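Read the structure below first, then the notes.
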């Protein structure tokens, strides 16, 4: 479903992503792990077509992200690290707007909006202004925005960051429900989340793929924490501290 | 086209759901009303004076178009130079800052549609602004007899001028994620285009006409005088086209950096 091949991204002299390749199959939830600054967000931005790669290709559902960008965009739902919300719009008008630019036909728009609101349990805030919503609701609106056009691929950049434990559980349940037919790429710092949700794990460190493996194989002998530290241990002592923060739930 | 309208509608709505539109429109109309009142009072005073001098030649040469409507339009043009950058500074900068740029750029719409939508939104807003100022010539028409054609031509000029300003503002906004930088660079560009013909008189045979051609004021002035010349219309349309083309390039360039 998603094939990343020899992807490299340079910002001037800085190489953010170095010749990485991985793949996610249909229906899989792929956990995308790595310390801060490893290149996770850059990779996701390239897959969604927001940033161009310096070299290498990505194919989504068989479409090349450079030659058939519009086809790819139609099939991807993307939740960036900060949900892309217009603070002066209401939930309903925002989701309708997103639906329109995602190419949902006018006649199906109210229905699609309704469905996204229901899926993300936003009924009670439909007519509230986005700028006044709590962080949990904002995150859920971000998720609703990503799936309103019923995409076959979901790219979620740290969807549970900054939420309280209950909201984290809610969002996780939601992601699990949503996966089904969809392919999901999920970037996170919270390892238990990966253990609970993901079928496959890709760990990226300093712009290189450290490991790409199914979760069963990885955690057969070691816990996910130990696996993570093993693959990124060459540097970045910071990472260990961060992981323990995200341990509960 | 549907995508263009979606973005234009979204931008236009956001002017009106935030206080921006009301503050800008109120300020604009307040200034316009003050200009209008003063110009009219001055006109009346002069009229009285010349009447008491019994000077029929001067009285004949005085008319509402030249003494009230034309200066009013010129004053409003200067107000637009200052207000339009405030309206357009959000256009791309705010999207970049708040992260919604990622939403637009990862949606199945083209960069051309985004730019066209942004322009159309600002264009519609300027249209409303200029339309509201039509009330002053309308008032004159009720109580006097100005030439309607000249007044309409002047309003068309103000409208074309405002639209060019919007295009320039959208371009400067596309260059940065900082609204202040977007507004200031737009203001400076517009002011420069406004006064670029000042040294034309002494600039020689080649540079002089060139500076005059580049100046917004010269073309605007023709329309205010009631002369609708294709050259002037073409000038404004080319400013819009050039600014939008540069916007397109600046947005696209991100994809190749």
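The values are calculated or read from the model by the stated rules, or taken from the named source; none is laboratory data. This is a predicted model, so every value here is computed, not measured. With ideal geometry, Cβ positions are generated from the backbone for all residues, glycine too; neighbour counts draw on all protein chains shown.
Taking region A:98-131 as the range and being more than 9 Å from chain B (Cβ to nearest Cβ), crowded, with 19+ Cβ neighbours inside 10 Å, free of Cβ contacts under 8 Å to residues at least 40 places away in the same chain and part of a helix (DSSP H, G or I) as the test, the residues that pass are A:112, A:113, A:116, A:117, A:125.
The residues of region A:197-217 that are within 17 Å of the chain's Cα centre (by Cα) and more than 15 Å from residue A:228 (Cβ to Cβ), listed by number, are A:197, A:199. Would you check if residue A:73 is modelled with pLDDT under 95, surrounded by 24 or more Cβ atoms within 10 Å (Cβ to Cβ) and either within 13 Å of chain B (Cβ to nearest Cβ) or assigned to a helix (DSSP H, G or I) (or both)? Considered against the rule, which asks whether it is modelled with pLDDT under 95, surrounded by 24 or more Cβ atoms within 10 Å (Cβ to Cβ) and either within 13 Å of chain B (Cβ to nearest Cβ) or assigned to a helix (DSSP H, G or I) (or both), residue A:73 comes out as yes.
Here residue A:146 meets each of (1) surrounded by 14 or more Cβ atoms within 10 Å (Cβ to Cβ); (2) at pLDDT below 85; (3) under 26 Å from residue A:88 (Cα atoms) with one exception, condition (2). Restricting region A:86-97 to residues that are more than 7 Å from chain B (Cβ to nearest Cβ) and part of a helix (DSSP H, G or I) leaves a set whose member that is surrounded by the most Cβ atoms within 10 Å (Cβ to Cβ) is A:91. For region A:13-39, a residue qualifies if it is touching a strand residue (DSSP E or B) at 6+ places or on another chain (Cβ under 9 Å) and farther than 25 Å from residue A:67 by Cβ, and the qualifying residues are A:27, A:29, A:31, A:33, A:34, A:35, A:37, A:38. Residues of region B:114-122 include at least one that is over 20 Å from the mean Cα position of the chain (by Cα) and within 14 Å of chain A (Cβ to nearest Cβ).
With respect to residue B:43, is the statement that it is within 18 Å of residue B:144 (Cα to Cα), touching a helix residue (DSSP H, G or I) at 6+ places or on another chain (Cβ under 9 Å) and surrounded by fewer than 20 Cβ atoms within 10 Å (Cβ to Cβ) true? Spelling it out, residue B:43 is indeed within 18 Å of residue B:144 (Cα to Cα), touching a helix residue (DSSP H, G or I) at 6+ places or on another chain (Cβ under 9 Å) and surrounded by fewer than 20 Cβ atoms within 10 Å (Cβ to Cβ).
Scan region A:1-12 for residues that are assigned to a loop (DSSP other than H, G, I, E, B) and without any contact (Cβ under 8 Å) to a residue 60 or more places away in the chain and jot them down. A:12 - this is the single residue of region A:1-12 that is assigned to a loop (DSSP other than H, G, I, E, B) and without any contact (Cβ under 8 Å) to a residue 60 or more places away in the chain.
Given the structure, is residue A:10 within 11 Å of chain B (Cβ to nearest Cβ) and either in contact with a strand residue (DSSP E or B) (Cβ under 7 Å, 6 or more places away or on another chain) or over 20 Å from residue A:191 (Cα atoms) (or both)? Yes: the conditions hold for residue A:10. Among the residues of region B:15-34, the ones that are touching a residue at least 24 places away in the same chain (Cβ under 8 Å) and exposed (fewer than 13 other Cβ atoms within 10 Å of the Cβ) come to 0 in all.
List pairs: first in region B:35-46 and more than 11 Å from residue B:71 (Cα to Cα), second surrounded by 13 or more Cβ atoms within 10 Å (Cβ to Cβ), Cβ under 6 Å, 6+ apart or cross-chain? Taking only residues 6 or more apart or on different chains, the pairs are B:43/B:67; B:43/B:68.
Before we move on, is residue B:12 in contact (Cβ under 8 Å) with a residue 12 or more places away in the chain and more than 14 Å from chain A (Cβ to nearest Cβ)? Judged against the criteria, residue B:12 is not a match. The residues of region A:176-192 that are surrounded by fewer than 24 Cβ atoms within 10 Å (Cβ to Cβ), in contact with a helix residue (DSSP H, G or I) (Cβ under 7 Å, 6 or more places away or on another chain) and over 16 Å from residue A:36 (Cβ atoms), listed by number, are A:176, A:178.
Within region B:186-206, can one find any residue that is more than 14 Å from every other protein chain (Cβ to nearest Cβ), modelled with pLDDT of 95 or more and within 30 Å of residue A:14 (Cβ to Cβ)? Among the residues of region B:186-206, not one is more than 14 Å from every other protein chain (Cβ to nearest Cβ), modelled with pLDDT of 95 or more and within 30 Å of residue A:14 (Cβ to Cβ), which makes the answer no. If the condition is being within 14 Å of another protein chain (Cβ to nearest Cβ) and assigned to a loop (DSSP other than H, G, I, E, B), then region A:13-46 contributes only A:13.
So which residues in region A:59-70 are more than 10 Å from every other protein chain (Cβ to nearest Cβ) and surrounded by fewer than 21 Cβ atoms within 10 Å (Cβ to Cβ)? Residues satisfying the conditions are A:59, A:61, A:62, A:63, A:64, A:67, A:68. Checked across region B:101-113, the condition of being within 14 Å of chain A (Cβ to nearest Cβ), under 18 Å from the mean Cα position of the chain (by Cα) and in contact (Cβ under 8 Å) with a residue 40 or more places away in the chain holds for no residue.
Residue count for region A:40-61, restricted to those that are more than 15 Å from residue A:81 (Cα to Cα) and touching a strand residue (DSSP E or B) at 6+ places or on another chain (Cβ under 6 Å): 8. Checked against the criterion of being within 14 Å of chain A (Cβ to nearest Cβ), outside any loop (DSSP other than H, G, I, E, B) and either touching a residue at least 12 places away in the same chain (Cβ under 8 Å) or surrounded by fewer than 23 Cβ atoms within 10 Å (Cβ to Cβ) (or both), region B:74-89 contains not a single residue that satisfies it. Residues of region A:47-58 that are more than 11 Å from residue A:3 (Cα to Cα) and either assigned to a loop (DSSP other than H, G, I, E, B) or within 11 Å of another protein chain (Cβ to nearest Cβ) (or both): A:48, A:49, A:50, A:51, A:52, A:53, A:54. With respect to the conditions (1) closer than 22 Å to residue B:28 by Cβ; (2) in a loop (DSSP other than H, G, I, E, B), residue B:193 lacks only one, and its number is (2).
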